[in-house]
Amino acid sequence: MSFFLMLDARTKLFFSLLLTLLVLFIDKLETAVCLVIFCVVIRFVSGVSGSVIGYIKTLTLLAAFIIVMQMLFAPGDTYIIKPLFPCSVPVLGGTGSLKREGLMLGIIITCRLASLLVFLPVFTGTTPPHKIACGLCAMGINYRIAFIFTTSFNFVYSFKEEAVIIMNAQKLRGMRKTGLKAAVKLLIPLMLGAMRKAQDSSVAMDSRAFGIYKTRTWIDKPVMKKTDYIIIVFSIVFFILVIMLNYLL
């Protein structure tokens, strides 16, 4: 059994919140790289299915776009290439530049995104939606808001499963189109299925008088254990150390 499965949902929510704040606050390359390594280690220890390599492939094109845009438009005085277009090029000749400061900033932003992409499946993969809702309510959040929050996770997973079903059905019917046409033929039935599911959920909630009571009961009442308090203390210490390291660098 994964260590993260035994933790209370509130502990994982608190840890995820601090990690998200770190992603927003850090602005040094060394700190960003250390945060990515830490998230990869957490992903490995948690035992969540799925390889990190898949996220690297997904992030490659986005990272290249971010880095190029930052090198072109971020402020800086250290030029890697200047001008970008030779003077012999009409209209654009002698303009544009690639800056070292933009390169560093693009790598930092890529590391931020990589940290979230690697860690978030650890939270969603080890915490069932009903336990997330239960933890949010135990923290004093209205259960209507908790329901909306957890329903978004359910819809994401249902979209993924339905997309696979639609693509398999299209392959069985001999459709081998790729590119924009294939995306349109996938998007339309996916949107129709999402609207149908949203309507069914609305009818089910109305039939069960959802929201008529201000509070509700839970089958699995969350209980904080000693391990949870240790992880919370570790999270706070880790957050402070990373912020100090980022400041000192």
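Residues considered: 213, 229, 79. Largest GNM mean-square fluctuation over the chain, using C-alpha springs under 10 Å, is found at 213. Short-range pairs are left out: with C-alpha atoms under 8 Å and at least six residues apart, the relative contact order of the range 73-163 is 18 percent. Once C-alpha pairs closer than 8 Å and six or more residues apart are averaged by separation and normalised to the residue number of the chain, the relative contact order reads 29 percent. Helix 52-73 and the longest principal axis of the C-alpha atoms of the chain enclose an angle of approximately 50°.
For the range 10-24, 3J(HN,Hα) computed residue by residue from phi via the Karplus equation (6.51, -1.76, 1.60; θ = phi - 60°) reads 5, 5, 5, 5, 5, 5, 5, 5, 5, 5, 5, 5, 4, 4, 6 Hz, glycine and proline entered as x.
What net charge is computed for the residues neighbouring residue 144, neighbours being all others with C-beta under 12 Å from the C-beta of residue 144, Lys and Arg scored +1, Asp and Glu -1?
Details: positive: 214, 216; negative: none.
Once all neighbours under 12 Å are counted, the net charge is +2.
Taking every DSSP helix (H) stretch of at least 4 residues in the chain, weighting each as -39,500 (n - 2.57) and dividing the sum by the residue count yields a mean residue ellipticity at 222 nm of -24500 deg cm²/dmol.
Once you list every other residue whose beta carbon is under 14 Å from the beta carbon of residue 35, what net charge do they have if Lys and Arg are +1 and Asp and Glu are -1? Could the numbers behind the result be given before it?
Numbers: positive: 28, 43, 112; negative: 27, 30.
Once positives and negatives cancel, what remains is +1.
Can you list residues from other chains, or at least 5 along the same chain, whose modelled amide H is less than 5 Å from the amide H of residue 79? Long-range HN contacts for residue 79: 100. In plain terms, the C-alpha convex hull of the range 129-176 casts an average shadow of 3.7 nm² when viewed from every direction. Quarter the surface of the alpha carbon convex hull of the range 166-249 and you get the mean projected area, 13.2 square nanometres. Axis angle, to the nearest 10 degrees, between helix 129-138 and the longest C-alpha principal axis of the chain: 80 degrees.
How large is the Kirkwood hydrodynamic radius of the chain, in angstrom, based on all distinct alpha carbon pairs?
Working: mean 1/r = 0.0456 Å⁻¹.
Hydrodynamic radius (Kirkwood, Cα only) of the chain equals 21.9 Å.
How big is the range 67-194 by the Kirkwood estimate over distinct Cα pairs, in Å?
Working: mean 1/r = 0.0512 Å⁻¹.
Hydrodynamic radius (Kirkwood, Cα pairs) of the range 67-194 is 19.5 Å.
No value in this document is a laboratory result; all are computed from the given coordinates. Only a predicted model underlies this, so the values are computations on that prediction, with no experimental measurement involved. Counting neighbours? That spans all protein chains shown, and the Cβs are built from the backbone with ideal geometry, glycine included.
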